[in-house]
Every structure is written in structure tokens, then in C-alpha cells.
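The values are calculated or read from the model by the stated rules, or taken from the named source; none is laboratory data. Computed from a predicted model, the values in this text were never measured in an experiment. Every residue, glycine as well, gets a Cβ built from its backbone with ideal geometry; the counts of neighbours run over all protein chains shown. With ligands, DNA and RNA removed, areas are computed over all heavy atoms of the protein, side chains included. Shrake-Rupley method; radii C 1.70, N 1.55, O 1.52, S 1.80 Å.
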Amino acid sequence: MTTITQNSVPTTTRRPVRDEMIAFGIMTALLVVVPFTGVYPFFVMQGLCFALLACAFNLLIGYGGLLSFGHAMFLGTAGYVSGHALKVWGLPPELAIIVGTGASFVLAVVTGLIAIRRQGIYFAMITLALSQLLYFIYLQAPFTHGEDGIQGIPQGKLFGLIDLSNATTLYFVVLAGFLLGFLIIYRAINSPFGEVLKAIRENEPRAISLGYKTDQYKLLAFILSGTLAGFAGALKVFVAQNASLTDVHWSMSGEIVLMTLVGGLGTVFGPVVGAFVIIAMQQYLAGFGQWVTVIQGVIFVACVLTFRRGIVGEIGHLFKRSL
């Protein structure tokens, strides 16, 4: 029995891993050549930050089966803390990123311990309530400057050498951060930890009967997801050079859900594609004003009705490839 199991594992896992590695190589190559194609760099950098945010959210819902309506609180918290550290404390960029990400880590631990006690819609509502609580705290907190936000955040020099005020340099720093976060998520979902998460998603009572402490696994997934979402928020500060209430609002959490579903829930590259699709719509359809939200709603409905697996999910299903 042992021999059969050991021999069967490589044949079932080698091809998906190979497909995903090829897709990762193609994605990386395309992103590396972007600065030399004349594409507006701010759009791509913004897309990379939200792509990492969507991937972090997908780790929680796509592999852990936990729907959070409050992931914007991690994005906004890291943005506020990093922005304040850069502008007021005068910290260098690398320390500001660490401090902002660390703040999101602490927030993920605290909110995770509260929210993980419930399941299903109750878990989603608790995360939404906690996110809104933080929204009103940041609205009144002196260091956030209320509705004005933190403006004119200096970009500084990374490690005292790399000038982030240069658009091309900043792009490659943001790209490196995105790839680092993406690989951490990829490693997590393809580890024994990730396999347990999938088992919990499919049948939690069965996982409990096998001896797994599912609450601990879900809490770890929540903390990892929230921390990486905060990392995305810390990177976004250098791109936008501001931190505002928009990043903490419940509508931002809704956009994160939309990005993940449009790209492909539970796929590796779906959130990346979904993030760029939504950001591209906001960027290039801005002339339509509030109608952009209506267009997004129509696309969301069409996605749910016609291709429920999302863009990448449908492509992977059509070509029978793991993406």
C-alpha cells in the first residue's frame, strides 16, 4: 500500500506544479518588460499592490473557505502606519514597510482571535463589523488627519541607496515585493499546511475527526492573509504617496471580493488577473463617473451567471491545466 501511494503522488502532482511554474515564468517575464513598453507605470504598480491583496484574500477564502468582508482594514492600517512612519517619524522605507506590515500582523492576530470563533455568514459579518469599527476610529484619530488623510508621503531611499522617487526604480521594487508575497502564498498553499486548509474547506467535521485542530489552522491562515494584505498596503503608500479612508472603507473589501471572483476563486493566478481587470476598468473608464460602479456590477453578474470559475478558472478548465 505504501509503495502504491508513494509512486502515485508524483504522477498526480508533477503536471500541475509544472503548469504553474510555466505560468509564473510567463507572468514574471511580462511584468519585467512593462516599463519598456510605454504602459503607464502608476497603473501597473497599483495593479500589483491590489493583485497581492487579492491573492492574500484568496488564500483565506479560496483555500480556507473563510469569507472575510473586512480585509480592507489590513490594507488601510498598514498604509496609515507606514505613511505616518515615513512622514512624521522619518523612518527609512524598509523600516516603514516593516512597521506597517507588523501593525497589520498584530491587527490580524487580535481580529482573528475574535472572528475565528464563528463560521459562515457570522464570520463574514464579524469581520465587516471590525473593519467598520476601525474605519470610524481612523476617521477620528489625530494621526490619520480624518477625511484629508496623510498626504505628500515621502518615498525616500530604500536601504539608503535605491531612490524610490524614480518611477522605474519604484516599479521594480514594487514588483519584487509582489513576487515575494506571491511566492509566500504559493508555498503556503502547496505545503502540508495548505493541504489541511483545503481539507477544512471541503469537510471541516471530517478534518476534526482526523485529529486536526481546525481553529488553529484557520487562525494561522487568517493571520498570514491579513499580514500579506498589510504588506500590499505598505507598498501602495509609496505608489500613491498618500493614505486615506478609502483604503479602510467597506467598499474596498467589496472590491477585493470582486477581484477574486472575477479572476477565479481558489486559483493561483486568478486574483492577479481579476485585480488588473478591475483596476483597468477604474483607470480607463473613469470618464463615465459613477457609471463605472454600474459597469463593474454588470460584469460581476455576468461572471457569476456565465463563468462561475472566473477568467483563469475557465481557461484552466478549458485546457485542463492547473492555473
ask   = Any idea how many residues of the range 157-201 are in a helix (DSSP H, G or I), within 21 Å of A54 (Cβ to Cβ) and of a type in the set (S, T, Y)?
value = 2
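Taking the stated definitions as given, is H84 at pLDDT below 95 and under 17 Å from V257 (Cβ atoms)? Quick ask: steps written out before the conclusion?
Details: at pLDDT below 95: yes; under 17 Å from V257 (Cβ atoms): no.
Against the criterion (at pLDDT below 95 and under 17 Å from V257 (Cβ atoms)), H84 does not qualify.
Counting only residues that are among the β-branched types (V, I, T), in contact (Cβ under 8 Å) with a residue 24 or more places away in the chain and in a helix (DSSP H, G or I), how many does the range 127-151 have?
First, the residues of the range 127-151 that are among the β-branched types (V, I, T): 127, 137, 144, 150.
Narrowing further to those that are in contact (Cβ under 8 Å) with a residue 24 or more places away in the chain: 127, 144, 150.
Those left that are additionally in a helix (DSSP H, G or I): 127, 144.
Counting residues in the range 127-151 that are among the β-branched types (V, I, T), in contact (Cβ under 8 Å) with a residue 24 or more places away in the chain and in a helix (DSSP H, G or I) gives 2.
Going by the conditions given, is P205 assigned to a loop (DSSP other than H, G, I, E, B), at negative phi and open to solvent by 40 Å² or more (accessible area, probe 1.4 Å)? I'd like the intermediate steps shown before the answer.
On the way: assigned to a loop (DSSP other than H, G, I, E, B): no; at negative phi: yes; open to solvent by 40 Å² or more (accessible area, probe 1.4 Å): yes.
Here the answer is no, as P205 does not meet what is asked.
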query = If E147 passes every condition in (1) over 23 Å from the mean Cα position of the chain (by Cα); (2) closer than 25 Å to T28 by Cα; (3) of a type in the set (D, E, K, R) but one, which one does it miss?
reply = (2)
ask   = Could you count how many residues in the range 262-287 are part of a helix (DSSP H, G or I), under 13 Å from the mean Cα position of the chain (by Cα) and more than 27 Å from T144 (Cα to Cα)?
value = 7
task = Just give me the residues in the range 238-261 being part of a loop (DSSP other than H, G, I, E, B) and either without any contact (Cβ under 8 Å) to a residue 60 or more places away in the chain or not polar (S, T, N, Q) (or both), in sequence order.
result = V248, H249
query = Just one of the numbered conditions (1) touching a residue at least 24 places away in the same chain (Cβ under 8 Å); (2) open to solvent by less than 60 Å² (accessible area, probe 1.4 Å) is not true of D215; which one?
reply = (2)
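Table: residues versus (1) exposed (fewer than 15 other Cβ atoms within 10 Å of the Cβ); (2) more than 20 Å from the chain's Cα centre (by Cα); (3) of a type outside the set (F, W, Y); (4) within 27 Å of Q241 (Cα to Cα).
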position	(1), (2), (3), (4)
L91	no, yes, yes, yes
T101	no, no, yes, yes
L107	no, no, yes, yes
V110	yes, no, yes, no
I121	yes, yes, yes, no
task = Would you mind telling me which numbered condition in (1) at pLDDT 95 or above; (2) assigned to a loop (DSSP other than H, G, I, E, B) L67 fails?
result = (1)
